[in-house]
Amino acid sequence: MNMRNKLIKLCRLTQEQLKQHMIWELKALLGNVTVGDGYVLAKGDFPVLLVAHLDTVHSQLPEDIVYDELEDVLSSAQGIGGDDRCGVLMILELIHKHRCSVLLCEDEEQHGVGAMKFVTSKDIDGLFFNYIIEFDRKGSNDAVFYKCANQAFIDFVTADYYQQDYGTFSDICVVAPRIGCAAVNLSCGYYNAHTLSEYVVIKEMQDCIDAADRLLGRTKETDKFGFDD
């Protein structure tokens, strides 16, 4: 199945359907899966945590999905839901090669409800990673660090493809300080988030997957970044 059809499949699922689908996928790929109220946590053996959220802002599922072959763009009159189905798909693609741990949160668009439930649960106890990546950002090469002021980590992420940008909120704003790891939110190839004119550039999403693959590929065991370092 090509990348476009993979994304269409995910966009047509409700949040609960997507949660169940991802539980099945993560069990098959990583094996160690914990299902919580508001989140799914899967533990891998690569020391990086990948984060995305399962909800969208749209009140309807996309019924009429349109693909513009000339522009390589996917959209829907009901809102395509690239924020954050692109992030979920990117994680699925990456963990085939890099066995990272995965955190999928519900209701990020309602002020991070799932992330808050996760950080107040026992499932967070004892967790630490070299760093955290969330895939929940518009565009093609943005890297947003929020209040994580670890300059060594910023330099590490932006050494190749990514450019530092700024944003207001994503789940890592809640998760990263609690775990104590540096974190970044990276682009997923969608645009006009939170509007019915939202669209996804499929090639740019693939470019984002490739860039994240390179970032993970050059991560060494010694590349460990704390939240406040």
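Structure notes:
- Burial order of peptide ranges 176-182, 161-167 (average beta-carbon count within 10 Å, highest first): 176-182, 161-167
- Extending 7 Å from Cα along the Cβ direction at Asn5 and again at Ala77 yields two label points whose distance is 2.6 nm.
- Kirkwood Rh in Å, taken over the stretch 127-220 so that all alpha-carbon pairs contribute: 13.6
- Cα gyration tensor category, rounded, prolate or oblate, for the stretch 53-131 with a/c compared to 1.5: oblate
- When both bridge partners sit in the chain, DSSP labels roughly 55% of those beta bridges antiparallel.
- For the stretch 1-116, a/c is not less than 1.5, where a ≥ b ≥ c are the root eigenvalues of the C-alpha gyration tensor, and a/b does not top b/c. That puts it in the oblate class.
- Gaussian network model of the chain, Cα within-10 Å springs - most flexible of Val144, Val200, Val157: Val157
- A Förster radius of 22 Å combined with the Cβ-Cβ distance from His96 to Phe128 puts the calculated FRET efficiency at roughly 0.35.
- Take every pair of alpha-carbon atoms less than 8 Å apart whose residues are at least six positions apart; their mean separation over the length of the stretch 1-154 yields a relative contact order of 29 percent.
- Dipole axis of the stretch 1-160 (+1 Lys, Arg; -1 Asp, Glu on Cβ), positive-most option in Asn32, Ser140, Ile154: Asn32
- Between Gln20 and His194, residue separation times 0.36 nm minus the direct Cα-Cα distance comes to 60.2 nm.
- Approximate spin-label separation Leu70-Thr158, in nm, with each point projected 7 Å along Cα-to-Cβ: 3.7
- Considering only the stretch 107-229, percent of DSSP beta bridges that pair antiparallel, nearest 5: 40
- For the chain, cysteines whose Cβ has no other cysteine Cβ within reach (under 4.7 Å): Cys11, Cys100, Cys105, Cys148, Cys173, Cys181, Cys208
- Under 24 Å from the Cα of Lys117 - lysines, other chains or at least 8 residues apart: Lys19, Lys27, Lys43, Lys147
- Charge dipole of the stretch 147-229 about the Cα centre (unit charges at C-beta), most positive-ward option of Thr168, Leu216, Cys181: Cys181
- Carbon + sulfur, % of accessible area of the chain - ligands and nucleic acids excluded, 1.4 Å: 49
- Looking at the stretch 38-105, the accessible area is 34 square angstrom per residue; that uses a 1.4 Å probe and ignores ligands, DNA and RNA.
- Rounded, prolate or oblate (a/c below 1.5 giving rounded, otherwise prolate when a/b exceeds b/c) for the stretch 181-229 by Cα gyration tensor: oblate
- On the basis of the beta-carbon distance and an R0 of 25 Å, Lys224 and Ala28 show a calculated FRET efficiency of 0.30.
The values are calculated or read from the model by the stated rules, or taken from the named source; none is laboratory data. Just so it is clear, the model here is predicted, and its values are computed rather than measured. Note that each Cβ is placed from the backbone with ideal geometry, even for glycine, and that neighbours are counted across all protein chains shown. Each accessible area value is taken on the protein alone, full model and side chains, heavy atoms only, with ligands, DNA and RNA left out. Shrake-Rupley method; radii C 1.70, N 1.55, O 1.52, S 1.80 Å.
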